[in-house]
Amino acid sequence: MAKPKKTPRPKAQTPKGFRDYFGAEVAQRTDMLRTIAGVYHRYGFEALESAAVETVEALGKFLPDVDRPNEGVFAWQEEDDKDNGDWLALRYDLTAPLARVFAQHRNDLPTPYRRFAMGPVWRNEKPGPGRFRQFYQCDADTVGSGSIAADSEICAMLSDTLEAVGIDRGDYVIRINNRKVLNGVLEVMGLSDDAQKADVLRTIDKFDKVGESGVRELLGKGRLDASGAYIDGVGLDAEQAEPVIAFLTSKADDTAGTLANLRAAIGDSDVGAKGVDELQQMADLLAAGGYGPDRIIIDPSVVRGLGYYTGPVFEAELTFEIKDEKGRSRSFGSVAGGGRYDDLVKRFTGQEVPATGVSIGVDRLLAALHMKGRLSTETTGPVVVTVMDRDRMADYQAIVSELRAAGIRAEMYLGNPKNFGNQLKYADQRNSPIAIIQGGDELEQGILQVKDLILGAKIAETATHEEWKERPSQFEIPRADLVARITQLLADQSS
């Protein structure tokens, strides 16, 4: 009789495209989300927490670069009715759920509805360096207002948010464009084939990478890329391509010059003229609010990829340089983007509902702050109360509880107390600032031994024996003075 096969142990590894986040990272993200929420709240936006799961039908075909609604998302069908059951999926952004929420609850919500939302989203895409299948987004949207002031306000709020989380003015720029201007350019070109229009849009989106000459080649017959591979072009002649080039190169030294160049690029197109007028309104409103070109500019090269944008579009780009994996300097790039999407809610209601919003990539912002040296990977751990006598656990618990009641982060050592050195090693692993010790002698005298672990580490690295005697890292305090003395020591350490 064959022996039954043993069930193999599961592999202790994260799924491809996912990662685990530990204490410091989670704490820093929490702090950032709290800061961002404070800015959004100051602007009058209200929090919304919608479900992480939506029907595939509600999400729609708005995920970039996919043709089927359940491609690119993590989707499954309800078990109770495989033939007629709904397909469900993890949300791939926070905007599609907002459209469903507003359509469902519009009779109970104020109009305009101003909401912000924060949380993880999931995309079933090929992972890569810095590209994960689960990541955090932080959105703010105004639904129900067609006013260009709503778009301007989003851009101003985005500027304030970046500065609030620690991105200095001069290290970022918010770039604004308008899809109506681009539609006007396509109209002037006389393109009627939707596939050809899509090819032109994709080519425009490569302007930052290949420049004017590269775009000319891609609009025409094609070009060789850096690897030597030949990329087929759109097939336009030089005259057809000229409005695109005029549009992409219309950025001038000031806003007035850029707008004048855009008017020339869109010719007699009414929709293009409306787009330029909206950009003018945004520029005027932002200037009135004190948001000048040192923070926000009009840039025709901004082309958002998602198909539902219908008016102003904007991106926040960090302009400081970083080193890539090969040691080459490059700009950090985009950390936020958004725009106006007046057709999204219409899918549910049949009526056009204007909306505009922005999404911030929280993980990219955190990475940027780390690269700028604004965040440390270390966090301060709790005060550790060591255990010298197993029979006196209640005494140690009383010390911990007293510290916690005073708002001090503290814990009692819960491992094997036999080896005292292991307790201090544990405190070092936790990056604890202080260890508290009380043996039988200290108990009789009504005192505690306090070990300043931060000072101790510094002394061990740099101090002479004489300095160590003058600045001892371990000292006695009266038991009655526990909270006052530990509070003071923590304050001294932080300063």
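The values are calculated or read from the model by the stated rules, or taken from the named source; none is laboratory data. Values in this document were obtained by computation on a predicted structure and should not be read as measured data. Here Cβ is always computed from backbone atoms with ideal geometry, including for glycine, and neighbour counts include all displayed protein chains. Side chains included, ligands, DNA and RNA excluded: accessible areas come from the protein's heavy atoms. Shrake-Rupley method; radii C 1.70, N 1.55, O 1.52, S 1.80 Å.
Yes or no, residue by residue, for (1) at pLDDT below 85; (2) within 21 Å of Val276 (Cα to Cα); (3) of a type outside the set (Phe, Trp, Tyr):
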{"position": "Leu158", "(1), (2), (3)": "no, no, yes"}
{"position": "Arg169", "(1), (2), (3)": "no, no, yes"}
{"position": "Val185", "(1), (2), (3)": "no, yes, yes"}
{"position": "Asp193", "(1), (2), (3)": "yes, no, yes"}
{"position": "Gln196", "(1), (2), (3)": "yes, no, yes"}
{"position": "Asp205", "(1), (2), (3)": "yes, yes, yes"}
{"position": "Ser213", "(1), (2), (3)": "no, no, yes"}
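Conditions (1) within 18 Å of the chain's Cα centre (by Cα); (2) hydrophobic (A, V, I, L, M, F, W, C); (3) modelled with pLDDT under 90; (4) open to solvent by 10 Å² or more (accessible area, probe 1.4 Å), marked per residue:
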position: Ala355; (1), (2), (3), (4): no, yes, no, no
position: Ser359; (1), (2), (3), (4): yes, no, no, yes
position: Asp363; (1), (2), (3), (4): yes, no, yes, yes
position: Ala368; (1), (2), (3), (4): yes, yes, yes, no
position: Thr380; (1), (2), (3), (4): no, no, yes, yes
position: Val384; (1), (2), (3), (4): no, yes, no, no
position: Asp389; (1), (2), (3), (4): no, no, no, yes
position: Met393; (1), (2), (3), (4): no, yes, no, yes
position: Gln397; (1), (2), (3), (4): no, no, no, yes
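One residue is enough: does region 123-130 have a residue meeting the conditions outside any loop (DSSP other than H, G, I, E, B), farther than 21 Å from Thr55 by Cα and modelled with pLDDT under 95?
Yes: region 123-130 contains one or more residues that are outside any loop (DSSP other than H, G, I, E, B), farther than 21 Å from Thr55 by Cα and modelled with pLDDT under 95.
Does Val101 count as closer than 30 Å to Gly350 by Cβ, outside any strand (DSSP E or B) and β-branched (Val, Ile, Thr)?
Numbers: closer than 30 Å to Gly350 by Cβ: yes; outside any strand (DSSP E or B): yes; β-branched (Val, Ile, Thr): yes.
Spelling it out, Val101 is indeed closer than 30 Å to Gly350 by Cβ, outside any strand (DSSP E or B) and β-branched (Val, Ile, Thr).
Considering each residue of region 209-248, count those that are in contact (Cβ under 8 Å) with a residue 12 or more places away in the chain, loosely packed, with under 13 Cβ neighbours inside 10 Å and in a helix (DSSP H, G or I), and give that number.
Number of matching residues: 2.
Restricting to region 280-302, name every residue that is under 26 Å from the mean Cα position of the chain (by Cα), of a type outside the set (A, V, I, L, M, F, W, C), surrounded by fewer than 23 Cβ atoms within 10 Å (Cβ to Cβ) and at negative phi.
Passing the criteria: Gly289, Tyr291, Gly292, Pro293, Asp294, Arg295, Asp299, Ser301.
Mind checking which residues of region 17-54 are assigned to a loop (DSSP other than H, G, I, E, B) and among the aliphatic types (A, V, I, L, M)?
Kept after step one, since they are assigned to a loop (DSSP other than H, G, I, E, B), are these residues of region 17-54: 17-22, 43-45, 48-52.
The answer is Leu48, Ala51, Ala52.
Hey, any hits in region 64-86 for a residue that's closer than 30 Å to Gly166 by Cβ and either part of a loop (DSSP other than H, G, I, E, B) or modelled with pLDDT under 90 (or both)?
Yes.
Any chance region 264-282 includes a residue that's within 28 Å of Val188 (Cβ to Cβ), in contact with a Pro (Cβ under 8 Å, 6 or more places away or on another chain), basic (Lys, Arg) and modelled with pLDDT of 85 or more?
Looking through region 264-282, none of the residues is within 28 Å of Val188 (Cβ to Cβ), in contact with a Pro (Cβ under 8 Å, 6 or more places away or on another chain), basic (Lys, Arg) and modelled with pLDDT of 85 or more.
Taking Gly446 as the residue in question, decide whether it is touching a helix residue (DSSP H, G or I) at 6+ places or on another chain (Cβ under 8 Å) and either open to solvent by less than 50 Å² (accessible area, probe 1.4 Å) or modelled with pLDDT under 95 (or both).
So Gly446 passes the test.
Can you find a residue in region 180-189 that is in a helix (DSSP H, G or I), among the charged types (D, E, K, R) and touching a Gly at 6+ places or on another chain (Cβ under 6 Å)?
yes
Residues being open to solvent by 60 Å² or more (accessible area, probe 1.4 Å) and either in contact with a helix residue (DSSP H, G or I) (Cβ under 8 Å, 6 or more places away or on another chain) or over 26 Å from Pro293 (Cβ atoms) (or both): count how many of those fall in region 249-279.
Within region 249-279, residues that are open to solvent by 60 Å² or more (accessible area, probe 1.4 Å) and either in contact with a helix residue (DSSP H, G or I) (Cβ under 8 Å, 6 or more places away or on another chain) or over 26 Å from Pro293 (Cβ atoms) (or both) number 8.
Every residue in region 250-262 that is among the polar types (S, T, N, Q) and free of Cβ contacts under 8 Å to residues at least 40 places away in the same chain, please.
Selection gives Asn261 alone.
Mind counting the residues in region 26-56 that are out of contact with any Asp or Glu (no Cβ under 9 Å at 6 or more places or on another chain) and over 24 Å from Ala99 (Cα atoms)?
8
How many of the residues making up region 407-432 are open to solvent by 50 Å² or more (accessible area, probe 1.4 Å) and either at negative phi or polar (S, T, N, Q) (or both)?
Here the count works out to 13.
Would you tally the residues in region 158-179 being assigned to a helix (DSSP H, G or I), of a type in the set (D, E, K, R) and more than 21 Å from His370 (Cβ to Cβ)?
The total comes to 2.
Condition check: in a helix (DSSP H, G or I) and either open to solvent by less than 60 Å² (accessible area, probe 1.4 Å) or in contact (Cβ under 8 Å) with a residue 40 or more places away in the chain (or both). Does Met118 satisfy that?
It is false that Met118 is in a helix (DSSP H, G or I) and either open to solvent by less than 60 Å² (accessible area, probe 1.4 Å) or in contact (Cβ under 8 Å) with a residue 40 or more places away in the chain (or both).
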